[in-house]
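For reference, the structure is listed below as structure tokens.
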Amino acid sequence: MIRRLLARFWPGRATGEPKIHRPDEHPVRRDQVSYAARTVTRRLQDGGFKAFVVGGAVRDLMLGLEPKDFDVATDATPEQVKPLFRRAFIIGRRFRLVHVHVGNEVIEVSTFRAPQKAEDATDEHGRLISDNVYGTQAEDAVRRDFTINALYFDPATEEVWDYVGGVADVRARRLRLIGPPATRFREDPVRMLRAVRLATKVGVAIDKRTAAPIPKLAPLMANVPPARLFDEMQKLLLSGHAAQTLKALRAHGLAHGLLPLLDVILEQPLGQKFIDVALAHTDRRVREDLGVSPAFLFATLLWHEVIVHWNAAKAKGEKPLPALFDAMDRALEHQAQRIAIPRRFEATMREIWSLQPRFEQRAGARPAKLVEHPRFRAAYDFLAIRGEAGEVDAALVDWWTRFQDAPADEREKMLKPEEAPKKKRRRPRGRGRKAREGDPAAPSPAPESGDTA
Ligand code: ATP
Ligand code: MG
């Protein structure tokens, strides 16, 4: 019985007819689709092609949520799509898509594509390594991941076309893989991550049969290229439900091994607390539409790994600051093996980290200088998270909260007395007495006071 049900949605049987749901059978109205997406589908249809809004947008609208963006699927090839629009660009090498610009919006237009036959393009674990063939709409539906992600909405007729039972799953609020779950997860292990992320994000339950193979297949995440993992992790962490999603990942046995950075963190009591605070902070900002910098977020996620390396280097007798810089290198290198954090983020992460010891210095001209630093705001927010996690004294955070907004005479009064200069720190070493901009100045008191991990 289960076998028969599964067979209905087996990629090999992708020639099926869709169930077409008329407007009175579902809640999605054309005016919920962006002007740009309506323009794109209309122009394609006027050109004699099929065109539908697909994927996440239809899923979100069906569930009563607001879509983030609109993707369009069509039977026109990229070469046929492009000339229909004034500002359209063919992108992608492996699978070509068209980005159509309408006003400020970019609509991603993809040509229906077929699922690859498993035997000719998978690695030894069953992972798909290419998927580059155009196909029919029915084939396009079954190569997608979850049934609720495979619905097609036509803004002209307000019909929803369903090849895989997605409408029923929307109604049951159920996330179900199309086809046999183990095979589909093997083809693309990122789907495990997507299952947990999407279920949490849109508030549906993962179907039992879909969830069942996850713990056993979780180790396959190790074969996913780091850049791809970064994209999915970024979506996960910036979803506004990061804390909850990570909890779910752990419940499904996906957290360990998947993210070495989390493995390290979760083994340390203070690290755990730090991550909880950081994710709660991020989720709050996302939900309040305040904007979150991925660099800041990854700086928080890796901080305790930096601390581990930092402590190890100091224990070997390295001076605190060179030790910190070494620790940052090591943490970033180690992480890069699994999740490729883009270089442009790394520079910011390093700045945020390297400014932390400077918050310990509250005498002389240094605090005022730190406030002027271009990364002060991010570094201060980071310090606040450390404070909330119990890693630095709340009084220190409070001092900086007041100091940055205080008028000059107030600031003067807040300064701590200058400590007697330590002779050995006066000796110019290598790069001279004046620390480079962005480096922590030679700290007194020692930065160890800030890290209790
Ligand atoms: P979000 O709203 O978070 O962007 P989404 O479902 O739109 O979620 P995208 O990554 O934008 O996610 O993907 C768009 C669509 O492409 C999905 O709805 C799904 O139909 C298909 N898709 C995405 N990733 C996969 C995958 N790994 N395997 C099969 N189909 C996928
Ligand atoms: Mg999307």
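The values are calculated or read from the model by the stated rules, or taken from the named source; none is laboratory data. In this text, all values refer to a predicted model and were calculated from it rather than measured experimentally. Cβ coordinates were reconstructed from backbone atoms using ideal geometry, including for glycine residues, and neighbour counts include every protein chain displayed. Just the protein is used for accessible areas: all its heavy atoms, side chains included, with ligands, DNA and RNA removed. Shrake-Rupley method; radii C 1.70, N 1.55, O 1.52, S 1.80 Å.
General observations
- Surface listing: 99, 26 arranged by accessible area from highest to lowest gives 99, 26, probe 1.4 Å.
- Restricting region 266-321 to GluC sites (Glu not before Pro) in coil, as DSSP defines it, with at most 13 other Cβ within 10 Å: 267, 288
- Region 228-416: C-alpha gyration tensor shape, a/c 1.5 cut-off, then a/b vs b/c: prolate
- Solvent exposure of region 234-385 as accessible area per residue, Å², 1.4 Å probe: 40
- Shown for region 228-416: lysine pairs separated by 8 or more places, or found on different chains, whose C-alpha atoms are under 29 Å apart, numbering 12.
- For the peptides 48-59, 228-239, the ranking by packing is 48-59, 228-239, with the highest mean count of neighbouring Cβ atoms within 10 Å listed first.
- Relative packing of peptides 410-418, 374-382, 73-81 - highest average C-beta neighbours within 10 Å first: 73-81, 374-382, 410-418
- Protein heavy-atom surface of region 228-416, 1.4 angstrom probe: 51% of the accessible area is carbon and sulfur, with nucleic acids and ligands not counted.
- Here region 2-224 exposes an accessible surface that is 51 percent carbon and sulfur, computed with a 1.4 Å probe and the other protein chains kept in place.
- Mean Cα-pair separation over length for region 2-224, i.e. relative contact order, pairs under 8 Å, 6 or more apart, %: 21
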